[in-house]
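The values are calculated or read from the model by the stated rules, or taken from the named source; none is laboratory data. Everything numeric here is computed off the predicted structure, so don't read it as measured data. FYI the Cβ positions are ideal-geometry reconstructions off the backbone, even for glycines, and counts take in every protein chain you see. Accessible surface is based on the protein model in full, side chains and every heavy atom, while ligands, DNA and RNA are left aside. Shrake-Rupley method; radii C 1.70, N 1.55, O 1.52, S 1.80 Å.
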Amino acid sequence: MPDSDTEQRPLSPTEGGSPIEDDGRVPAEGDPSTDLSDLVESARQRAKDAEKNTERIYRRGWEHFTEFCETNGFETLPARPEAVGLFVEHMATEGYALSTINTRVAAIKKRHERNGERSPTDAPAVEEHWENVRETIDREPDQKAPVLMEHLRQMDFNTAELSELRDRAVLFVGFAGGFRRSELTDLEVRDLTKADGGVVYRIRNPKGRAQTETIQVPDAVPGLEPTPNDALREWLQAAGIESGPLFRMVDRWGNVRDGALSGQSVYETVRERMEAIGEDPDEYGAHSLRAGFATQAYMDGIGEHEAAAQTRHASLETLREYQRVNVVMEDHPLSRMGTE
């Protein structure tokens, strides 16, 4: 749990009402062993954590919108309705989930309201277009093709360029950890712990939840050269990064920026690198790294529970969605029938 800035006295069972609403009634006592003051404090802390997660999501959404505006020559604050409408259309055509688009729009609205500006998201044209997107977008996200080890081995990186070292580290670490896009861009130096034979990566807000998760990546990964951990070390050393975000923007003059790399940049990096080795970029995206680990695990006969421990899938059924057709065909029961 994140530390609180000020220590607050827990409410007693007879004061302050419900742990959620001040004007609600106090829960009746059930199990005598239940400490209601602890539950009250737990609810307070949970509310703080939820607020912090919301702020993080809004911050990421605003950074995404800012990057889109800077790329296309739009003002960000105040933003014009046309810019917001095109941003929504951009996300819709790029296969973003409706829930993601919704949080991005909410982030734009929130930032304008905080700065005393009228939100362009309330413009009739934007609201109408957003409604059109909700009515027409495919609610099932496109299943992106996996980036496999064979793809990563084909890629050429100019190690004299900082951006190339960063791209290699992003791709190799993203694959090895089975990271979601947001998890990858949220990583900071403080999230790395050197362990015997490898590195432990901490994920502070997996899928927006308050609890942390960890991923282990061994130093020995025979299928990749350099290994993911070595690729990361080379990038960090060359970029002079000792604290803060692991993956950052590099400008045209080779200067490393302070802020974290955006999820959109990861998406574009995957597409560009796959196109460079002759693959159709439209079939790939940031999720292809996570899909790649899961698919590679099936192809190499890794046990489902081992793979799920790395990808942190709570359900094996969800993990099995990555069991691509080519994996199933290789060992399909029909291929072994009628041979005797």
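Counting only heavy atoms of the protein chains and using a 1.4 Å probe, residue 188 has close to 50 Å² of accessible surface.
State the three equivalent ellipsoid semi-axes of segment 57-185, derived from the C-alpha gyration tensor as the square roots of 5 times its eigenvalues, in descending order and whole Å.
32, 18, 12
Per residue, the solvent-accessible area of segment 253-318 (1.4 Å probe, heavy atoms of protein chains only, all protein chains present) comes to 47 Å².
Ranked from largest to smallest solvent-accessible area, with a 1.4 Å probe on the protein heavy atoms, 258, 122 come out as 258, 122. Among residues other than residue 88 with Cβ under 14 Å from its Cβ, the summed charge is -4 (Lys and Arg +1, Asp and Glu -1). When 126, 200 are compared by accessible surface with a 1.4 Å probe, the order from highest to lowest is 200, 126. Split the accessible area of segment 144-236 by element, probe 1.4 Å, and carbon with sulfur accounts for 46%.
Of the chymotrypsin sites (Phe, Trp or Tyr not before Pro) found in segment 220-267, the ones in coil according to DSSP and having at most 15 other Cβ atoms within 10 Å of their Cβ are 253.
Amide H to amide H distances under 5 Å link residue 188 with 246, where only residues 5 or more positions off or on other chains count and H is placed in the peptide plane. Distant-in-sequence amide contacts of residue 195, defined by a placed amide H-H separation under 5 Å and a gap of 5 or more residues or a different chain, comprise 200.
Taken one residue at a time, the phi angles of segment 167-173 give Karplus couplings (6.51, -1.76, 1.60, θ = phi - 60°) of 4, 4, 5, 4, 5, 5, 5 Hz. Gly and Pro are set to x. Think of segment 206-312 as having a plus end and a minus end, set by charges on the Cβ of Lys, Arg, Asp and Glu; of 221, 303, 237, 237 sits farthest toward the positive end of this dipole.
Among 251, 300, the sequence by solvent-accessible area, most first, with a 1.4 Å probe is 300, 251.
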